[in-house]
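Below you'll find the structure, written out as structure tokens, and then a few comments.
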Amino acid sequence: MKNEENDKKDPLTEEEKEQAKKKLEEELYKAMENDETFQKRKRFALMFSYGLSSNLLTHILLSLVVNIVVFSVVIGITQLGLIQDHFIYLLCIVLFTFVEISIKITLRKLVPGLLIRSLGIVDLIIEVLLFYTIFELLEGIVFDHAYKLFVYVLLFSILRFIVSYQIRKFFYNKKRGLR
């Protein structure tokens, strides 16, 4: 009896309910887009998010290109190290990229909050250790002193962070239709 009364009191059909739901969702989305606090949080999350693209293959290719460019720019500007063989240098960058992506994906699955709570220190440690093992073992770049290696990796990390942020921002704006 109560169900019949509820059906009689509810003049909306299922189709009208769906339309009303979609309209409310659109209004909520517009309100969130206009909220300054929400926008600041979204930009902050975008800055420190992992991955240059939601597609893994695109992310790997973009990471490879970014690493090749940033490694070459930093070594060219700073002259901290010496490239012995260009083929081995490129091989080291490819190996570095794939191993780094594998380690970071594994860490994000096993301990998801570690990389965020560490404020990038874990990332820097991973990069220094990877860089040292790959480039020193294969002799892609030769450094005179250990401090030059650390300064090189630190500059590489900073420049790559800036470039990666700009790429994420581009994809974010493209997805939202802002540019």
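Laboratory data are not the source of any read-out in this text; all were calculated from the coordinates shown. What you see is a predicted model; the values in this text were computed from it and never measured.
Annotations
- Compared with the rule-of-thumb size 2.2 N^0.38 Å for a compact globular protein, the range 84-131 has a Cα radius of gyration ratio of 1.33.
- When each of Lys22/Lys174; Lys21/Lys104; Lys148/Lys175; Lys17/Lys109 is checked by Cα-Cα distance, pairs over 32 Å: Lys21/Lys104; Lys148/Lys175; Lys17/Lys109
- Rounded to whole Å, sorted largest first: equivalent-ellipsoid semi-axes of the range 53-176, Cα gyration tensor: 25, 17, 14
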